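Asks: Structure in C-alpha cells, see below.
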Amino acid sequence: MAIIYNHKEVERKWKAVWDRDPVNMPSKDKKNYYCLDMFPYPSGSGLHVGHWRGYVLSDVWSRYKILQGYYVLHPMGWDAFGLPAENYAIKMGVHPAKATAENVENFKKQLKEISAVYDWDKEVSTTDPNFYKWTQWIFVKMFKEGLAYEKQMPINWCPDCKTGLANEEVVNGECDRCGSKVTKKNLRQWMLKITAYAERLLEDLIPLEWPEKVKKMQTDWIGKSYGAEIDFPIDGVDEKIKVFTTRPDTLYGATFMVLAPEHEAIKAITSDDRRAEVEDYVFMASMKSSVDRLQDKEKTGVFTGSYAINPLNGAKIPVWVSDYVLADYGTGAIMCVPAHDERDFAFAKKFELPIIQVIIPEGQELKELEEAYIGDGVMVNSELFDGLKATQAKEAVARYLEEHEIGNKTTNYKLRDWVFSRQRYWGEPIPIVHCQKCGAVAVPEEELPVLLPEVETYQPTGTGESPLAAITEWVNTTCPECHGPAKRETNTMPQWAGSSWYFLRYVDVNNDQELISKEKAKEWVPVDMYVGGIEHAVLHLLYSRFYTKFLYDIGVVEFSEPFTRLFNQGMICKNGAKMSKSKGNVVSPDELVARYGCDSLRIYELFVGPPELDSEWDDRGIEGVYRFINKVWNLLNDNINKSVATTKALEKIKNQMIYDITTRLNSFHFNTVISAFMEYANKLVDISKNHGGVDHQTLEVFAILLSPFAPHMAAEMWEKLGKTNSVFENSWPIYDEEKMQEDEIEMPVQVNGKVKGTIIIGLEETKDSVLSKARELVLSKIEGCTIVKEIYIPNKIINIVVK
RNA sequence: GCGGGUGUGGCGGAAUUGGCAGACGCACUAGACUUAGGAUCUAGCGGGCGACCGUGCAGGUUCAACUCCUGUCACCCGCACCA
C-alpha cells in the first residue's frame, strides 16, 4: 500500500531545524566558493514562479558545492532604491523607506519558502546608510580622480519618470522603465567617465566564462572601430572640419560632406543666401525626438553654400547638413563616399550629387553603380593609390595622411559617458557641495554618508531639479574647503549605483572602516558563479565591471573583473509571454508549495526545460514531480526495515546513477539531471519490487545526490536511514568506473543503415563471434544478397551492407 | 539590414566524439482496486494494415546524419543611419 509523503509536516520540521541551526558549511580550511544571485528589487507584487527559477538553480549549485567540500558564500540582499518605491509613496502617501521596509519583509518571507541556504546574517540593502555611505565614497573617489564630472548637455529625458536617463536605459527610444518616449533636455548633469575604461572593458571580456551572447552585446555596445580623422579645409572660410572615417581608402571617392545639425561649425560656414534654410533645418532637427530621427529612413538635408577641399586632390565638395549624421559619434561630421556607402548613396541619389567609384571588384570593368559597392576590390580613380587592393590602401592612405599632417589614425567607440544624476528623491544623494568660491567640492570622506533627508513631497518636479532642492535647510550648508555658505547637490544617483558594487559588501557587511577589508576581499571575491537574467547584459553587468576596474585602480580590490562565471537563466513564460503582473499571467509559488511542497516546486523549476532557455509554464507538469517524490518516499519505506545485501547489480546501478547525475550537473543540464533521478528511481523501484529489494547503501547515496534538489525530503530520508548527522555534512559521492560496467552489451544490428534488431554480446566477445550472431539475426533480410561490407564499431553498432 | 538563438510526437523536452530518434515527464486511452476517483497501480501511446515513412524545407558527404557541409524558410531575442 502506497504511503503518501507528508510534505507539509516534513518541510515544516526541517525548516524549523535549519532556522535554528543553518546548514553547516565545511570547515574553513576548504576552498571558498562564492555563488551569487543578482539581488532583487523588492517590489510590492512579490515573487512568482519565474523568480524562483534562478534562485533554485543557484541554491542547488551552492548546495552541490558544499557537498563537494567548498566553504560556500550564498548571500541575498536588496536593490531597494528606485522609482517604484517612490511612485508608490506618491500614490499612497507612504514614505518610500517604510514601503521599502515592508516589501523587503514580504520578499524575505517569500524567499524563505524556497529553503535556500542564504547567509541571512550577511544581508545588505542599498538604502541602508551604512551601505550607501560606501556608494557615496566611491563617487567621491571617482570625483577626485576626475572620473565624475559635471556637464551641461542635452540628455535623454523621460517625461513620465521626470528624470534624466543613461544611454543604456533607453531602449528603442523608449524609457527602459516605463516605456514612455524619451525626449531630450538640456540639463546640468553628473557624468561618469566610463569611456576612459572602454578599451579595458572590451579586452577583459575575452577570457570571462560568460554566455557569448552577453559578451557580444557588451562588445557591440562599446562599439570599437578603427579609422582615421581627416581635416578638410573649407573654401574661403578660415575653418577646418575634421571628419571620422573607417574607410580612408575611399577618400578620392568623397563627393560631399555632411555635418550633424548640432555641429558647431555650421554657423561659420553657412553662406548668407543659404542661412535661413539651414537655420530652419537645424531648428526642425532639434525639435525631433531621437526616435523620430531614427525612424525617418528617408534622407533629408540642406546645403550650407560652402565647399570643403579634399586634402588629397584639392577637389571642392559641397558641405551639407543632415540629421542622419550623429553629433555625438566621431567628430559629428563625415566625408561622404556614395559609391561605397549605402547611406551616402541614398543621400547622393536624392540630392543629385556626383558619385565617384574608387574600388572595383577584382577583374571587373568600371560601370555605373545601381547601388553602393561595399565589397573588396582594387583601387581606381585614386591617383598614386590606383591598383592597390582596397585593404592595403586603407593602411597606405592613412599613413600618407599622417605623413602629410592632414589626418591621423584613430579609434572610436560608441560607448558614451554615463549620465549619472537623477532628478528624483529615492536614491543616494550625490555627496557634493557647490560653493560660489571653490566650485564643486566633495563632501569629506569622514562626513559620509550624506543622509537622504525626509521630505514632505516626493513628487518629481519635472523642472530638472530633484525634490531635494525644495528642502532649503538641507540644501544650505557650508563649504568643506572655505567654510563659506554653499549649497548641496540635490540630484541623486541612479539605481545602478548601489548594484554596481554590492557583491563586494556581502563579504564584509559590518566593516565601518573600509568598503571591504583586503583580507576578506582576497578570500572571497571575485564572484565564482553569478546567476541572473539576461536583461542586465549592458546595464548592471557593464556598470559593475566599470566599478570593479575603478576599485582595482585605486587599490581596493586586487582583481578587475567582478564575475568569473555568469549564468543567465531563461525566462518563465505563460501563454507565450514573459510572466509579469502587468500581463496578468503570474503563477504564484505559494499555492504550489502548499499543495505539492517546496521540494516538488524546486525540482519542477529545473525540470521545466533547459535552464538557459525560456520555458513555458504548465501547472500540470508539477504533478509528475510530485509523483516522483512520493515514489522515492515509498522506495525508502519499502526497504527501510529490510536488510538487503549489496549485490553487484545494485553496485552497478548506484555507480551509474552517481556518474549520470554528476556529469549532467557539471554541465548545467539541470533538466536532464531530474530525468536521471526519475529513471533511476524507476529502476530501483523495479528492483525493490521484483528483484529482492534495495540496500541501504544505495538509498543513502540516493539521498545525498537528491539533497541539493529536495533538501527536506533528503534530510528526512537520511534521518530515517538511521543517520544522526546532517545529510549536507556528507561528501558528494564518487563513482567507481569499474563497477559501472555492464557485463553484457545489447548491440543494434543494421542492414544498409536501418536497424533490424539487437543482439546480446559478452564483454570479451570476438569480432567474428559478434558478426556471426549479427548475420544470424538478420538472416532473412540478407538472404540472396551479397554482403558488400560489414561495419563493426565495438560496443556501439553493427551495420551489414548488402546488395 | 547586421549579429545571436530556436525549429524533433497532442505538449514540455531527451539523444558525450555522427552509431537503436522520441529518454524523462505532462496530457490522453484501456484495465485493476474502489461507494467514488481529480488518489494509486498495470498496460498502451510519432505516422502507416503493411513493406516502410518520419527531427522546418531542398540537396550533399557517409556503411550510418537531429548531429557535418551547401542552399532555403519560419519564429524569437539583441543591435540598428555609429560613417
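Values quoted throughout were computed directly from the atomic coordinates according to the rules given, and no laboratory measurement underlies them. The shown structure was predicted, so the numbers you read here are calculated from the model rather than taken from an experiment. Note: ideal-geometry Cβ built from the backbone for every residue, glycine included; neighbour counts use all protein chains shown.
Asks: Can you give the translational diffusion coefficient of the stretch A:494-619 in µm²/s, computed by Stokes-Einstein from the Kirkwood radius over Cα pairs at 37 °C and 0.692 mPa s? Mind showing how you got there, number by number?
Replies: Details: Rh = 17.1 Å.
For these conditions, the coefficient is 192 µm²/s.
Asks: Sorting check: for A:764-775, A:244-255, which peptide has the highest mean count of neighbouring beta carbons within 10 Å, and how do the rest follow? Present the calculation step by step, with values, prior to reporting the outcome.
Replies: Numbers: A:764-775: 14.3, A:244-255: 23.7.
Top to bottom by mean Cβ count within 10 Å: A:244-255, A:764-775.
Asks: While we're here: Using Cβ contacts closer than 10 Å as the measure, can you line up A:V455, A:V171 from fewest to most?
Replies: On the way: A:V455 17, A:V171 11.
With the fewest neighbours first, A:V455, A:V171 line up as A:V171, A:V455.
Asks: What is the distance in Å between the Cα centroid of the stretch A:509-577 and that of the stretch A:385-455?
Replies: Each part reduced to its Cα centre gives a spacing of 23 Å.
Asks: Using Cα positions and a limit of under 20 Å, work out the lysines in reach of A:K184, with same-chain residues fewer than 8 apart set aside.
Replies: A:K184 reaches A:K151, A:K162, A:K288, A:K414.
Asks: Output the direction-averaged projected area (hull surface divided by four) of the convex hull of the alpha-carbon atoms of the stretch A:662-734, in nm². Write down the numbers at each step before the final one.
Replies: Numbers: hull surface 20.3 nm².
Over every viewing direction, the Cα hull of the stretch A:662-734 projects on average to 5.1 nm².
Asks: Taking Cα centroids, how far is the stretch A:84-125 from the stretch A:5-82 in Å?
Replies: Cα centres, the stretch A:84-125 to the stretch A:5-82: 17 Å.
Asks: Round to the nearest 10 and give me the degree value, 0 to 90, for the angle of helix A:648-666's Cα axis relative to the longest principal axis of chain A.
Replies: Helix A:648-666 and the main axis of chain A meet at about 10 degrees.
Asks: Of all beta bridges DSSP finds with both residues in the stretch A:237-386, what is the antiparallel percent, to the nearest 5?
Replies: On the way: 11 of 14 bridges.
Roughly 80 percent of the beta bridges in the stretch A:237-386 run antiparallel, per DSSP.
Asks: Report D for the stretch A:126-226 in µm² per second (integer): Stokes-Einstein, Kirkwood Rh on Cα pairs, 25 °C, 0.890 mPa s.
Replies: On the way: Rh = 16.0 Å.
It comes out at roughly 153 µm²/s.
Asks: Determine, at each q value in 0.19, 0.23 (inverse angstroms), the log₁₀ of I(q)/I(0) that the Debye formula gives when each Cα of the stretch A:165-275 is one equal point scatterer.
Replies: -1.18, -1.24
Asks: Show me the ranking of peptides A:593-603, A:655-665 by mean Cβ neighbours inside 10 Å, starting with the highest. Mind dumping the intermediate values first?
Replies: On the way: A:593-603: 22.7, A:655-665: 19.8.
Packing proxy ranking, top to bottom: A:593-603, A:655-665.
Asks: Zone of A:I3 (label point 7 Å along Cα→Cβ, backbone N under 11 Å): which residues in the stretch A:682-718?
Replies: A:717
Asks: Another question, if that's okay. Can you compute log10 of I(q)/I(0) for the stretch A:758-803 with the Debye formula, treating each Cα as one identical point scatterer, at q = 0.17, 0.19, 0.30 Å⁻¹?
Replies: Rounded to two decimals, the profile gives -0.46, -0.57, -1.24.
Asks: Of A:W18, A:W157, how do they rank once you tally other Cβ atoms within 10 Å and put the fewest first? Spell out each step's value before the answer.
Replies: On the way: A:W18 18, A:W157 24.
Fewest to most other Cβ atoms nearby, the residues stand as A:W18, A:W157.
Asks: Using only the Cα atoms of the stretch A:312-360, what semi-axes does the equivalent ellipsoid have when each is the square root of 5 times a gyration tensor eigenvalue? Give whole Å, largest first.
Replies: They are 18, 14, 12 Å, listed largest first.
Asks: Also: Can you tell me what share of the DSSP beta bridges in chain A is antiparallel? A percent to the nearest 5 is fine. Walk me through the intermediate numbers first.
Replies: On the way: 71 of 92 bridges.
Of the beta bridges lying entirely in chain A, close to 75 percent run antiparallel.
Asks: Determine the shape class of chain A: with a ≥ b ≥ c the square roots of the Cα gyration tensor eigenvalues, call it rounded for a/c under 1.5, and otherwise prolate if a/b is greater than b/c, oblate otherwise. Intermediate results must be reported in sequence, preceding the final value.
Replies: Values: a/c = 2.66, a/b = 1.41, b/c = 1.89.
Oblate, because a/c is 1.5 or more while a/b does not exceed b/c.
Asks: Just check the stretch A:247-367 against the gyration tensor rule for me: Cα atoms, a ≥ b ≥ c as the square roots of the eigenvalues, rounded for a/c under 1.5, and otherwise prolate or oblate depending on whether a/b exceeds b/c.
Replies: Details: a/c = 2.11, a/b = 1.53, b/c = 1.38.
Prolate shape, in that a/c is at least 1.5 and a/b is the bigger ratio.
Asks: Follow-up question, since we're still on this one. Quick check on packing: order A:465-471, A:363-369, A:443-449 by the mean number of other C-beta atoms within 10 Å, highest mean leading. Kindly include the intermediate steps, with their values, before the conclusion.
Replies: Details: A:465-471: 19.1, A:363-369: 8.6, A:443-449: 15.0.
Most protected by this proxy first, the peptides run A:465-471, A:443-449, A:363-369.
Asks: Enter the per residue convex hull volume of the stretch A:332-441, computed from alpha-carbon coordinates, in Å³ rounded to the nearest integer. Intermediate results must be reported in sequence, preceding the final value.
Replies: Values: hull volume 26.1 nm³, N = 110.
Cα-based convex hull of the stretch A:332-441, divided per residue, equals 237 Å³.
Asks: Can you give me the angle between helix A:696-706 and the longest principal axis of chain A, using Cα atoms only, in degrees from 0 to 90, rounded to the nearest 10?
Replies: Result, in degrees: 10.
Asks: Okay, next question. Helix A:767-777 versus the longest principal axis of chain A: what angle, 0 to 90°, nearest 10, using Cα atoms?
Replies: That works out to roughly 80 degrees.
Asks: Right, here's the next one. Binned at 10 Å from 0, what are the whole-percent values of the Cα-Cα distance distribution for the stretch A:543-695, short to long?
Replies: For the stretch A:543-695, the binned pair fractions read 9, 26, 25, 20, 13, 6, 1 percent.
Asks: Any idea what diffusion coefficient the stretch A:643-771 gets from Stokes-Einstein, in µm²/s, Kirkwood Rh on alpha carbon pairs, 10 °C, 1.306 mPa s? Before the final figure, lay out each step's value.
Replies: On the way: Rh = 16.7 Å.
So the translational diffusion coefficient is about 95 µm²/s.
Asks: Now a separate question. Over 5 Å intervals from 0, what percent of Cα-Cα pairs in the stretch A:385-507 sits in each interval?
Replies: P(r) for the stretch A:385-507, in whole percents per bin: 2, 9, 13, 14, 12, 9, 6, 4, 5, 7, 7, 6, 3, 1, 0.
Asks: Related question: Based on alpha-carbon centroids, what's the gap between the stretch A:192-264 and the stretch A:166-185 in Å, whole number please?
Replies: A separation of 23 Å, based on Cα centres.
Asks: So for the stretch A:466-527, what percent of the C-alpha to C-alpha distances run longer than 13 Å?
Replies: Numbers: 1360 of 1891 pairs.
The proportion of pairs with Cα distances above 13 Å equals 72 percent.
Asks: To continue, here is another question. Each label point is 7 Å from the Cα along the Cα-to-Cβ direction; what then is the distance between the points at A:S582 and A:F559, in nm?
Replies: 3.6
Asks: Now for a separate question. Hey, which lysines would be in cross-link range of A:K631, C-alpha to C-alpha under 20 Å, not counting anything within fewer than 8 residues on its own chain?
Replies: Candidates past the 8-residue exclusion: A:K8, A:K642, A:K654, A:K683, A:K689, A:K720.
Asks: Go ahead and collect, in residue order, the members of the stretch A:749-776 whose backbone nitrogen is under 15 Å from a label point 7 Å along the Cα-Cβ direction of A:E783.
Replies: A:775-776
Asks: Excluding same-chain residues fewer than 8 positions from A:K144, which lysines have a Cα within less than 20 Å of its Cα?
Replies: Output for A:K144: A:K133, A:K193, A:K437, A:K487, A:K549.
Asks: Taking a ≥ b ≥ c as the square roots of the eigenvalues of the Cα gyration tensor of the stretch A:96-177, is the shape rounded (a/c under 1.5), prolate (a/b larger than b/c) or oblate? Walk me through the intermediate numbers first.
Replies: On the way: a/c = 2.59, a/b = 1.51, b/c = 1.72.
Because a/c hits 1.5 or more and a/b fails to exceed b/c, the stretch A:96-177 counts as oblate.
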